[in-house]
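Participant: Below is a structure I'd like to ask you about.
The values are calculated or read from the model by the stated rules, or taken from the named source; none is laboratory data. What you are looking at is a predicted structure, and each value in this text was computed from that prediction instead of being measured. Cβ atoms come from the backbone with ideal geometry, glycine included; neighbour counts cover every protein chain shown. All accessible areas refer to the heavy atoms of the entire protein, side chains included, with ligands and DNA or RNA removed. Shrake-Rupley method; radii C 1.70, N 1.55, O 1.52, S 1.80 Å.
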Amino acid sequence: SHDLKAPLHGIGQLSRWIEEDIDNKEEATSHLALMRQRIARMEKLLNDLLAYSKIGKAEEKIVRIDSKAIIQAQHDLVSSGDAFNLRLLGEFPVFETRSVPFQMVFRNLLSNAIKHHHLGNGTITIKVTEQKDKGHGRIPLHGIL
């Protein structure tokens with residue numbers, strides 16, 4: 001439910017801005033475009049929630065994911081406005097996994113970083129480093145929040 005509230009909060013804020021800018025058509029149009037983006041994010045969250053509810057009932061397919069793109073999308077989903085910037089450092093891997101659980105982990109990490117920050121703004125940095133695992137090969141993704 002927390003993940004569903006973030007886009008709704010953003011939509012509510014945008015509707016207030018549109019109300020204030022009703023005489024300024026250019027700004028109102030811009031705010032309406034942002035509102036449509038938030039609605040699309042909400043729809044994606046609901047689809048992911050539905051997919052997650054089916055885990056265990058039907059196995060989710062393993063797909064090729066771009067970790068950088070997914071992390072950026074999750075930041076866009078949980079952040080409202082420009083209060084928290086996302087800085088991504090390193091070469092983020094593209095690999096095969098189940099998409100919904102990967103998205104949920106980063107959505108929750110980013111959401112918690114924002115929610116529990118002592119200020120109302122800041123920068124979230126996620127850095128990818130390559131490490132050798134003793135006897136198990138490479139570990140391509142190691143995030144630091």
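Participant: In the stretch 25-42, how many residues are polar (S, T, N, Q) and either open to solvent by 70 Å² or more (accessible area, probe 1.4 Å) or touching a residue at least 60 places away in the same chain (Cβ under 8 Å) (or both)?
Facilitator: Of the residues in the stretch 25-42, 2 are polar (S, T, N, Q) and either open to solvent by 70 Å² or more (accessible area, probe 1.4 Å) or touching a residue at least 60 places away in the same chain (Cβ under 8 Å) (or both).
Participant: Looking only at the stretch 110-145, count every residue that is modelled with pLDDT of 90 or more and open to solvent by 30 Å² or more (accessible area, probe 1.4 Å) and tell me the total.
Facilitator: Residues that pass the stated criteria total 3.
Participant: Provide a single number: the residues in the stretch 83-107 that are open to solvent by 70 Å² or more (accessible area, probe 1.4 Å) and farther than 19 Å from Glu130 by Cα.
Facilitator: 3
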